[in-house]
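All remarks here apply to the structure that follows.
The values are calculated or read from the model by the stated rules, or taken from the named source; none is laboratory data. Keep in mind the model is a prediction, meaning the values are calculated, not measured. FYI the Cβ positions are ideal-geometry reconstructions off the backbone, even for glycines, and counts take in every protein chain you see. SASA here: full protein model, heavy atoms, side chains in, ligands and nucleic acids out. Shrake-Rupley method; radii C 1.70, N 1.55, O 1.52, S 1.80 Å.
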Amino acid sequence: MSDSNTFDPNAMNVGKYLAYRLHQLGVDQLFSVPGDYTSDLLEIIDTYKSPKGDRYLHRIGNCNELNAGYAADGYSRANGLGAVAVTTGVGSFSLLNAIGGSFVESVPVVAIIGTLSNTKLMDEINAGELYHHNVSTEDTNRTVYSPVTVAFERISNPLTAPSQIDAAIIACISKSKPVAIEIMEDCYYMPCANPEGTLSPVPNYESLPVLQGMAAQSAPNKYAAQIVQAIEKAAEAVYAKISTEKPILWIGKEIATRKLQSKFAALQQAIGAPYVTSFLGKAVVSEDNPWFLGMHDAVFTSDYTNSYLKQSTAIIGLGVWNTDLNTFGSKSTETGNITQVFASRDMVKDGENLYVQVSLEHVIDAVMALIQKNGYKSSWQQPSPPTIPTIPAPQTSITYDSFFAVLDQHVNDNHLIVADIGLSSFGGSSSLKINRQDGFLAQNIWASIGWSVPAGLGASFREDVRTFVIVGDGAFKLTCQAVSTMVQEGRNAVVFVLNNKVYGVEQMLLDPAPYKTGSSAPFEEANILQEWDYVSLMKGFSNNSGNAKSAVVNTIGDLESLLEEISCNKASTYLVSINLDERDYPSAWKLFVNK
């Protein structure tokens, strides 16, 4: 930092400070849309380099703010933390939907909002002048972002900027939720203190040994004792269910959010029980474990998985969030006890008993201690693997089921699947076997159609995998411009558009009559889509770039040939139209259609 009598253009400033902190935490890409209140920040990002000459952050220009937000979300899911920068008002309001999804699904994203200078704000307050992109003199961004962030900082003073930036980012990585940092445009280039040390997440709870030690003191801490007692009773409830003849473990998203994969693996191995996942929890651990049975999700549970669930004497939920999608399409009205006993969101529910301030990590540790103390012998034999679907002849017209059957035989641990909500996911990509931990990304609670394409852009910056995006044609239309950014940034992502010319899932939810066998029932007019020429679209998005490829798939043979081409062409972006009959649907929906 320069002294009070000089100005050093190479000194630390607010924009550099923010970029450096993000870089320290493994963020290499900043997704953005230019705007006059963020122009100085983006200039800093483009020119701020390490002593080796490398940029601390690579700025990714997006076609709109919603795409930028989804891309930051996808980047975070694949890499651990994401960041996006937009201008105030027209930019921040457009970004809000994406940040809402990140908040609901516990994805850490830093939203950076450039806003009026101190001078302009004072001018608005005292002279009544309204500046463009601005709503009023009220703290509007804080008002709209507070419900979907765990911290909001407005930086108006460069001297306090470092502590404010640090506080926001620590909250983001501690809570695994988005934060917003609003920066006044006259602060970016202002000098500030240099970053000191590194930022680390604050644990959400004390470790179990520490709590036990506090509770065991001669003058015990009564609050620690209460928590330890709750943990012990919760663990006993879980252990009691595990000790039944044939338990099955049902795992969810929190296994990944809390980074408990290794602890779960140890528990599963200790009790020798099969396990299933919720759709939200798909691939939180690799699905190549022979004890993995598939997805447990209402009508979308396969016959193979159901055959084992029916044998089970207890289903134990670990990290499964209680959402309506767990019973999607079924007649169940159950909203309380989703299993006989389940642990998530820092509580354990066992029938009418509720134990709070009990983290999933503590429960697993305490259950493992009971197993080690009391012993355990499994009543299960290792499950037989499911039958692999037969692939139809090459000349057979492509269908939902055959598309996913062929893709399933092609996907390996070098791929990352990013699936949109709807027929693309339920009974579709959810059926793929993912032999890579966290190798499947989907937005399954916020469920904003179109998320997958820009999220796939963000996820594609994980260099050890190739991203496959699976999206319906209706959802694709919302965010299709992200394909252009994929080409611009040289991403080798592949976007499969399931082209059935209708909003299939919306028709399913409204009236599945058009999907009944032999039906000629019309589709609701609102669900009928204008057809697009995807080959020409890719040419337009890329200006005929040589690394932008497009293809049309009509048959099994087309798909098999294309997948072979894609595997040989590792550098190109692909846009693929999977041409489906409008009345086709994944067979996993048959119970929904014929209910």
At most 13 other Cβ atoms within 10 Å and a DSSP loop assignment: could you name the trypsin sites (Lys or Arg not before Pro) in the stretch 471-579 that fit? 516, 570
Gap separating the Cα centres of the stretch 67-99 and the stretch 168-232, nearest whole Å: 24
Against the empirical 2.2 N^0.38 Å scaling, what ratio does the C-alpha Rg of the stretch 545-595 come to? 1.54
What GluC sites (Glu not before Pro) in the stretch 296-387 are in a loop by DSSP, with at most 14 other Cβ atoms within 10 Å of the Cβ? 334, 352
So what's the gap between the Cα centers of the stretch 236-264 and the stretch 558-590, to the nearest angstrom? 36
Is there a quick way to get the dipole size of the stretch 145-264? I mean about its Cα centre, with the Cβ of Lys and Arg at +1 and of Asp and Glu at -1; what is the value in debye to the nearest 20? 660
At R0 = 51 Å, how high is the FRET efficiency between residue 216 and residue 545 if r is their beta carbon distance? Nearest 0.05 is fine. 0.15
Residue-count net charge about residue 433 - beta-carbon cut-off 11 Å; Lys, Arg +1, Asp, Glu -1: -2
Tell me the accessible surface of residue 568 in square angstrom (1.4 angstrom probe, heavy atoms of protein chains only), to the nearest ten. 100
Taking a ≥ b ≥ c as the square roots of the eigenvalues of the Cα gyration tensor, with a/c under 1.5 meaning rounded and otherwise prolate when a/b exceeds b/c and oblate if not, the stretch 273-386 is oblate
Heavy-atom accessible surface of the chain: percent carbon and sulfur, 1.4 Å: 50
Enumerate the lysines that residue 590 could reach by cross-link, defined here as Cα to Cα under 17 Å, with residues fewer than 8 away along the same chain left out. 331, 516
Lys, Arg +1 and Asp, Glu -1 on Cβ, resulting dipole of the stretch 359-436 about Cα centre, debye, nearest 20: 300
Give the percent of DSSP beta bridges with both residues in the chain that are antiparallel, rounded to the nearest 5. 15
Can you tell me which lysines have their Cα less than 23 Å from the Cα of residue 49? Leave out same-chain residues fewer than eight positions away. 16
Taking amide H positions as placed 1.01 Å from N in the peptide plane, with prolines and chain starts having none, which residues 5 or more places from residue 114, or on another chain, fall under 5 Å of its amide H? 86, 87, 88, 183
Whose amide H sits under 5 Å from the amide H of residue 441, counting only residues 5 or more places off or on another chain, with H placed in the peptide plane? 417, 418, 419
Between residue 58 and residue 396, how many nm apart are label points set 7 Å from Cα along the C-beta direction? 4.1
Run down the lysines and flag those whose C-alpha is under 23 Å from the C-alpha of residue 241, throwing out any fewer than 8 positions away in its chain. 233, 253, 263, 310, 349, 373, 377
Between residue 132 and residue 43, what's the calculated FRET efficiency when r is the beta-carbon distance and R0 is 22 Å? Round to 0.05. 0.65
Kirkwood-Stokes translational diffusion coefficient of the stretch 419-493, alpha-carbon pairs, 37 °C, 0.692 mPa s, µm²/s: 260
How many angstrom lie between the C-alpha centres of the stretch 481-538 and the stretch 15-44? 35
Keeping all protein chains in place, calculate the accessible area per residue for the chain (probe 1.4 angstrom), answer in Å². 41
In Å, the Kirkwood hydrodynamic radius of the chain over pairs of distinct alpha carbons? 25.9
I need the phi-derived Karplus couplings for the stretch 446-456: 6.51 cos²θ - 1.76 cosθ + 1.60, θ = phi - 60°, integer Hz, Gly and Pro marked x. 5, 6, 8, 5, x, 4, 5, 5, x, 4, x
Simple label model, 7 Å out from Cα along Cβ direction - residue 310 to residue 194, nm: 6.9
So how much accessible area does residue 63 have, in Å² to the nearest 10, using a 1.4 Å probe? 70
Looks like the stretch 78-120, by Cα gyration tensor root eigenvalues a ≥ b ≥ c and the a/c under 1.5 rounded cutoff (else prolate when a/b is bigger than b/c, oblate otherwise), is prolate
Given Cβ point charges of +1 (Lys, Arg) and -1 (Asp, Glu) and nothing else, what value in debye, to the nearest 20, does the dipole of the chain about its Cα centre take? 1600
Out of 555, 353, 515, whose Cα points farthest toward the positive end of the dipole of the chain (charges: +1 Lys, Arg; -1 Asp, Glu; placed on Cβ)? 353
Which shape class applies to the stretch 251-299: rounded if a/c is under 1.5, otherwise prolate when a/b exceeds b/c and oblate if not, where a ≥ b ≥ c are the square roots of the Cα gyration tensor eigenvalues? oblate
